[in-house]
Amino acid sequence: RRGDRKSGTLQGFPGCDTSCGAEEAVHYMERECDILIPAALERSINRTNAAQIKAKIVAEGANGPTTPAAEEILLKNGVAVLPDMLMNAGGVVVSYFEWVQNLQHVSFGRMTKRWEEKGKKSFIKALRKSGVAVDQTISHSIGEGATERDIVYSGLEDSMAVAVKKTLRTAKDRNVCYRTAAFINAIDRVEQAYLTNGITSF
């Protein structure tokens, strides 16, 4: 919600439990839930508490929150572990977009924004001419061209969707966990980059 974004906290959010202190917070990970997101500390899920994790899915928001020993226990217990290199890759993706933009010295959408707006407005005009009623407020929002933020979010969504799809496919084809599948895909891309640049001895 907008208010929560301004305050930067979930405190006061309906249904939010703040009854425990920082020292007890680690035990919250052992509560029964659908998705557990360890998003703060490394090695927060380890061999000492992995067996007590009751979540169906562990989605790693932090860097390295699950130790190898803990992941082995989780997988044996049927818990799906979504690796950090995939789950928190969005920041790296957007940083790459920023780098590309800096190289071009042109903001995303600068070359196409007005053209998109003209096309959309022409479409709305054609609808009205054919007798279709289009609300003024809706037509204004539809007729606007994509902002730089819209384009970045679109690129981020596409990049993450493709990465997830490839990870799922590799995990199924190779019969490996999602972390191993993500590593396989990453190494394959490095290999392709080397071969594309004529580097064959590595």
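Annotations
- Backbone HN-Hα couplings from phi across the stretch 33-43 [Karplus 6.51/-1.76/1.60, Hz, Gly and Pro as x]: 7, 7, 10, 10, 10, x, 10, 10, 10, 5, 6
- In order along the stretch 91-100, the Karplus-derived 3J(HN,Hα) couplings, from 6.51 cos²θ - 1.76 cosθ + 1.60 at θ = phi - 60°, round to x, 5, 4, 5, 4, 5, 4, 4, 4, 4 Hz, and Gly and Pro are given as x.
- Using the average count of surrounding beta-carbon atoms within 10 Å as a protection proxy, the listed peptides 140-148, 80-88 rank, highest first, as 80-88, 140-148.
- Theoretical FRET efficiency, 1/(1+(r/R0)^6), r = Cβ-Cβ of Y194 and R169, R0 25 Å, to 0.05: 0.65
- Taking the accessible area of the chain, probe 1.4 Å, and keeping the other protein chains in place, the carbon and sulfur fraction comes to 56%.
- Amide H contacts of V134 (H built 1.01 Å from N, in plane; Pro and chain starts excluded): no residue 5 or more places away or on another chain comes under 5 Å.
- Global form of the stretch 70-160, assessed from the alpha-carbon gyration tensor, a/c cut-off 1.5: oblate
- Descending by average beta-carbon neighbour count within 10 Å, the peptides 53-60, 35-42 line up as 53-60, 35-42, the highest first.
- Lys/Arg +1, Asp/Glu -1 at C-beta; the stretch 58-122 dipole; positive extreme among L103, A62, L75: L103
- Answer label for volume of the Cα convex hull per residue in Å³ (calculated), chosen among (i) 231; (ii) 159; (iii) 333: (i)
- Rounded, prolate or oblate (a/c below 1.5 giving rounded, otherwise prolate when a/b exceeds b/c) for the stretch 73-125 by Cα gyration tensor: oblate
- For the pair Y96 and I57, the difference between a 0.36 nm per residue extended length and the Cα-Cα distance amounts to 11.2 nm.
- R0 of 30 Å, Cβ-Cβ distance D135-M160: FRET efficiency to nearest 0.05: 0.35
- Residues whose placed amide H lies under 5 Å from that of V81, excluding near-sequence neighbours: V58, Y178
- 16 Å cut-off, amide nitrogen to a point 7 angstrom out along T180 Cα→Cβ, residues in the stretch 55-97: 68-83
- For the chain, the longest principal axis of the Cα atoms and the long axis of helix 178-196 meet at an angle of about 60 degrees.
- Accessible area (Å², per residue) of the stretch 118-171, counting only protein heavy atoms and a probe of 1.4 Å: 74
- Degrees separating the helix 148-174 axis from the principal Cα axis of the chain, which is the longest one: 40
- With a Förster radius of 30 Å applied to the C-beta separation of N88 and K120, the computed FRET efficiency comes to 0.30.
- With DNA, RNA and ligands ignored, accessible area of S139 (1.4 Å probe; Å², nearest 10): 10
- Residue-averaged [θ]222 nm for the chain, counting only DSSP H segments that reach four residues, each worth -39500 (n - 2.57): -16500 deg cm²/dmol
- Estimated translational diffusion coefficient (Stokes-Einstein, Kirkwood radius over Cα pairs, 10 °C, 1.306 mPa s) of the stretch 125-202: 95 µm² per second.
- Relative contact order %, the chain, counting alpha carbon pairs below 8 Å whose residues are six or more apart: 14
The values are calculated or read from the model by the stated rules, or taken from the named source; none is laboratory data. Everything numeric in this text was worked out from a predicted model, so none of it was measured. So basically every Cβ, Gly included, is an ideal-geometry build from the backbone, and we count neighbours across all protein chains shown. Heads up: the accessible areas ignore ligands, DNA and RNA and are worked out on the full protein's heavy atoms, side chains in. Shrake-Rupley method; radii C 1.70, N 1.55, O 1.52, S 1.80 Å.
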